[in-house]
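A.B. asks: What follows is a single structure, and I will ask about it in a moment.
Computed from the coordinates by the stated procedures, all read-outs in this text should not be read as laboratory data. Given the structure is predicted, the values throughout are model-derived calculations rather than measurements. Here the Cβ positions follow ideal geometry from the backbone for every residue, glycine too, while neighbour counts run over all protein chains shown.
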Amino acid sequence: MNLNDCHNFQDFRKLARKRLPSPIFHYIDGAADDEVTYNRNTAAYNDADLIPNVLRGVEDVDLSTTIFGKKLDLPFYCAPTALQRLFHYDGERAVGKAAQKFGTMFGVSSLGTVSVEEISSIVSTPKMFQFYFHKDRGLNDSMLERVKAAKFDVLALTVDTITGGNRERDLRTGFTSPPRLTLASLFSFASKPMWAINYLTKPKFELPQLQDHVSEGTNTATSIGNYFSSMLDQSMNWKDAERLCSKWGGHFALKGIMSVEDAKKAIDIGCTGIMVSNHGGRQLDGARAPFDQLAEIVDAVGDKIDVIFDSGVQRGTHVLKALALGAKAVGLGRYYLYALAAAGQPGVERAMQLMVAEIERDMRLMGCSKISELNRHHVRFR
């Protein structure tokens with residue numbers, strides 16, 4: 001199997017599994033506890049049917065949307081994800097360049113593996129920084145100033161990682177950042193020699209936004225669950241979020257909003273956007289799927305704030321259903337990470353082109369020539 005054999009999410013997943021050592025593949029692939037919420041995130045779309053209109057003249061289809069005051073050529077973007085250079089040695093460089101090629105937004109995580117300064121120098125399209133609120137306030141201040149200086153367009157405070165989710169696959173495989181060889185994982189790493197060669201010969205793996213303040217993740221091996229539980233500030237509250245929003249002074253979002261009450265509070269503290277998300281099912285198992293909750297949140301605050309959506313997206317029809325319910329844009333995570341692991345930047349570009357083709361085709365089949373024409377009349381729940 002090679003890149004040309006990849007035609008959808010599952011194909012990229014299969015190829016990623018062939019390329020990655022087991023602990024690293026399962027870090028991408030896994031979720032919390034019994035993975036009930038993870039599976040529901042995608043299954044939820046099957047409870048909504050699309051209702052097309054015909055004879056609408058759809059020769060030209062415009063996929064552009066505007067979020068946080070920035071026009072994107074596509075209604076989806078590359079959401080921030082951690083540790084990308086473990087999946088492919090180019091990591092965020094590859095994903096950022098692919099996002100730029102398609103004229104969409106690129107998100108960078110606090111646990112990113114390429115510096116915000118370098119990303120700013122190579123990616124000219126809109127950029128989002130995903131902010132993890134640490135106990136070390138000096139680290140928080142340093143990240144904020146660096147992201148400001150790098151002229152990122154949006155700061156997104158992650159609010160659903162107050163402690164680490166129970167990611168049992170990581171416990172079984174022994175996954176850590178940086179990778180640590182154990183008896184259980186030795187065969188898996190040895191069986192993927194190209195990954196091992198690249199990891200050992202390419203520039204050192206590091207977390208450049210964090211490493212000057214904490215050794216965990218760069219020089220001291222730790223699981224992501226342990227990192228969240230030990231390094232992030234569990235006392236974080238609405239006042240902290242409001243102060244961060246004020247210090248940032250630009251477009252500010254909360255990532256991980258799942259209730260109407262919290263969506264309304266986000267407006268009160270000055271947010272210009274919220275991200276309806278459950279962290280891809282990786283935190284609270286048993287939580288409601290974002291798609292199941294989206295319409296309720298849009299109805300409450302959609303006319304006052306940009307409502308962005310993610311979790312479980314595998315198909316163009318999933319994007320269209322979220323947009324029809326009122327989301328302004330849709331974030332992709334695992335979708336591009338599997339493609340990154342499969343083939344680096346060419347893999348991400350192929351995955352994005354396939355998604356564009358799906359959405360364009362499905363827009364025509366729906367009788368819509370621009371994103372703003374999608375609405376609740378196009379969706380019925382079973």
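A.B. asks: If you take the beta carbon distance between Ser142 and Ser64 as r and set R0 to 35 Å, what does 1/(1 + (r/R0)^6) give as a FRET efficiency, to the nearest 0.05?
C.D. replies: 0.50
A.B. asks: Let me ask something else. Please figure out what share of the DSSP beta bridges in the chain is antiparallel and state it in percent, rounded to the nearest 5.
C.D. replies: Here the share of antiparallel DSSP bridges comes out near 20 percent.
A.B. asks: What is the spin-label model distance, in nm, from Glu261 to Asn198 if the labels are put 7 Å beyond Cα along the C-beta direction?
C.D. replies: Going from the Glu261 label point to the Asn198 one covers 4.6 nm.
A.B. asks: Just to confirm a number: summing +1 for Lys and Arg and -1 for Asp and Glu over residues other than Asp153 whose beta-carbon lies under 9 angstrom from that of Asp153, what do you get?
C.D. replies: +3
A.B. asks: If you take the square roots of the eigenvalues of the alpha-carbon gyration tensor of the range 274-382 and sort them as a ≥ b ≥ c, do you get rounded (a/c under 1.5), prolate (a/b over b/c) or oblate?
C.D. replies: Oblate is the answer for the range 274-382, as a/c is 1.5 or above yet b/c matches or exceeds a/b.
A.B. asks: Got a sec? Charge dipole of the chain, +1 on Cβ for Lys and Arg, -1 for Asp and Glu; which of Ala324, Asn198, Met231 is way out at the positive end?
C.D. replies: Asn198
A.B. asks: In nanometres, what is the gap between the two model label sites at Arg180 and Glu118, each 7 Å from Cα along Cα-to-Cβ?
C.D. replies: 2.5 nm
A.B. asks: To continue, here is another question. What percent of all Cα-Cα pairs in the range 85-179 falls in each 5 Å bin, counting up from 0?
C.D. replies: The percentages, shortest bin first, are 3, 12, 20, 20, 19, 15, 8, 3, 0.
A.B. asks: Mind checking the full-extension length gain between Asp212 and Ala43? Use 0.36 nm per residue of separation minus the Cα-Cα distance, one decimal, nm.
C.D. replies: Extra length available between Asp212 and Ala43 comes to 56.7 nm.
A.B. asks: Determine the dipole magnitude for the chain: charges of +1 sit on the beta-carbon of Lys and Arg, -1 on that of Asp and Glu, nothing else is charged, the reference point is the Cα centre, and the result goes in debye to the nearest 20.
C.D. replies: 660 debye
A.B. asks: I've got another one for you. Would you compute the Debye intensity of the chain from its alpha-carbon atoms alone, equal scatterers and no solvent, and pass along log10 I(q)/I(0) at q = 0.10 Å⁻¹ to two decimals?
C.D. replies: Log10 I(q)/I(0), no solvent term: -0.60.
A.B. asks: Past 27 Å, Cα to Cα, is the threshold; run Lys101/Lys328; Lys70/Lys370; Lys18/Lys151; Lys239/Lys304; Lys18/Lys70 against it and keep the listed order.
C.D. replies: Lys18/Lys151; Lys18/Lys70
A.B. asks: Treating the beta-carbon of each Lys and Arg as +1 and of each Asp and Glu as -1, no other charges, what is the dipole magnitude of the range 11-88 about its Cα centre, to the nearest 20 debye?
C.D. replies: 480 debye
A.B. asks: Going highest first, how would you order 63-73, 195-205 by mean Cβ packing within 10 Å?
C.D. replies: Packing proxy ranking, top to bottom: 63-73, 195-205.
A.B. asks: Given the options Ala342, Gly107, Asn46, identify the residue whose Cα lies farthest towards the positive end of the charge dipole of the range 3-381 (+1 on Cβ of Lys, Arg; -1 on Cβ of Asp, Glu).
C.D. replies: Projecting each Cα onto the dipole axis, the largest value belongs to Ala342.
A.B. asks: Give me the extension gain from Asp5 to Asn53: residue separation times 0.36 nm, minus the current Cα-Cα distance, reported in nm with one decimal.
C.D. replies: Using 0.36 nm per residue and subtracting the Cα-Cα distance, I get 14.0 nm.
A.B. asks: Students often check this: by mean Cβ neighbours within 10 Å, which of 337-350, 4-17, 21-34 ranks highest, and how do the rest follow?
C.D. replies: Descending packing order for the listed peptides: 337-350, 21-34, 4-17.
A.B. asks: If the chain between Asp292 and Ser191 were fully stretched, how many nm would it gain, using 0.36 nm times the residue separation less the Cα-Cα distance?
C.D. replies: 32.3 nm
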